[in-house]
Amino acid sequence: MDERTFDRSGQHASVVGLGTWQLGADWGDVDDKEALAVLEAAAEAGVTFFDTADVYGDGRSEQTIAAFLSGRPDLHVMVATKMGRRVDQIPENYVLDNFRAWNDRSRRNLGVDRIDLVQLHCPPTPVYSTDEVFDALDTLVEEERIAAYGVSVETCAEALTAIARPNVASVQIILNPFRMKPLREVLPAAREAGVGIIARVPLASGLLSGKYTRDTVFPENDHRTYNRHGESFDVGETFSGVDYVTGVEAAAEFASLAPEGCTPAQLALRWIIDQPGVTTVIPGARSPEQARANAAAARLPELSGETLTAIRDLYDRRIKDQVESRW
């Protein structure tokens, strides 16, 4: 699989990575054996970038990655984790002492002395403008606890503020055919600055797979049940912030645009891969089959101008008014 570079850090990632939120929590139950099988399938398909967080399953996702990689010393996989959601979300908690404590925990979970990439996990907006926060992150690099750092953001404004920081290696942001706003300013600014873009929620929590209907019932412990209105965290993380009924109807139209030999999910992933400035896209997977199918999107041809125009038209007609003013 092709790899792209985080220019500021010199690190490389496969154009399709693997998001491992599903292997920790909030997506229903996944047993350990199945989780390891997902990681194996992704790696065998050429994935060299795993994204996780210290709060996914209270460390379970990090530990599962460590268990897998300990048995595969032949693999070179860049592992990115996130920190900051273990405490009340107030700017005062984003300080060096907490960073060190969270980092110690993640390094133990991952079984490493130095983590490839650590990202602030959608912190309060003022954090992005606080010099002391980035001084503390620089200290973690100097102490060789981490190789590089980035941020995960909710809004385009947060992304632009982070990109202006000289040592931010990456910005993780929601980007998919139902969330196109980052294309206007964020991706061009990141390209200009040499900041990598990690595209998350690429399938709009599964909507863009085209397999859900109005009557689909998700498990009680799945955020697609309990966070539809932002009850537990930013509603933009669930179905990309799109109303579920609207999303299902729009997804059915989106599925009809898939070229022959391409699933709707692969169409969404290929659309993201084709956007200038994207370093890697990180779909999750609950089964080895999903992991392999997601990785296969990297081998599909670039989308035609006709398909790109149709996807943009769908977004403008059905989705744009619901999401652009909020994120």
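Annotations for the structure displayed:
- A204 farther than 22 Å from V30 by Cβ, touching a residue at least 24 places away in the same chain (Cβ under 8 Å) and of a type in the set (A, V, I, L, M): no
- Among the residues listed as A190, A164, the single one being under 18 Å from the mean Cα position of the chain (by Cα) and small (G, A, S): A190
- Taken together, V201, V186 contain a single residue that is surrounded by 19 or more Cβ atoms within 10 Å (Cβ to Cβ), within 24 Å of S304 (Cα to Cα), touching an Asp or Glu at 6+ places or on another chain (Cβ under 7 Å) and of a type outside the set (S, T, N, Q), which is V201.
- Reported count of residues in the range 187-206, each being under 14 Å from T155 (Cα atoms) and charged (D, E, K, R), is 1.
- E302 vs. criteria among the acidic types (D, E), over 20 Å from the mean Cα position of the chain (by Cα) and under 24 Å from F6 (Cα atoms): yes
- Applying a threshold of 7 Å to beta carbon distances and a minimum spacing of six or more residues, or different chains, the list of pairs starting in the range 274-301 at a residue that is within 28 Å of F218 (Cβ to Cβ) and of a type in the set (D, E, K, R) and ending at one that is in a strand (DSSP E or B) and open to solvent by less than 40 Å² (accessible area, probe 1.4 Å) reads R286/W27.
- In the set (1) among the aromatic types (F, W, Y); (2) assigned to a loop (DSSP other than H, G, I, E, B); (3) open to solvent by less than 10 Å² (accessible area, probe 1.4 Å), the condition left unmet by F218 is number (3).
- Checklist (1) of a type in the set (D, E); (2) closer than 19 Å to P182 by Cα; (3) at pLDDT 95 or above applied to E249, failing item: (2)
- The helices (runs of 4 or more DSSP H) falling completely within the range 1-112 that include 3 or more residues that are open to solvent by less than 10 Å² (accessible area, probe 1.4 Å) and farther than 27 Å from I273 by Cα map to 96-110.
The values are calculated or read from the model by the stated rules, or taken from the named source; none is laboratory data. If you're wondering where the values come from, they're calculated on a predicted model, not measured in any experiment. Here Cβ is always computed from backbone atoms with ideal geometry, including for glycine, and neighbour counts include all displayed protein chains. For accessibility, only protein heavy atoms count, side chains too; no ligands or nucleic acids. Shrake-Rupley method; radii C 1.70, N 1.55, O 1.52, S 1.80 Å.
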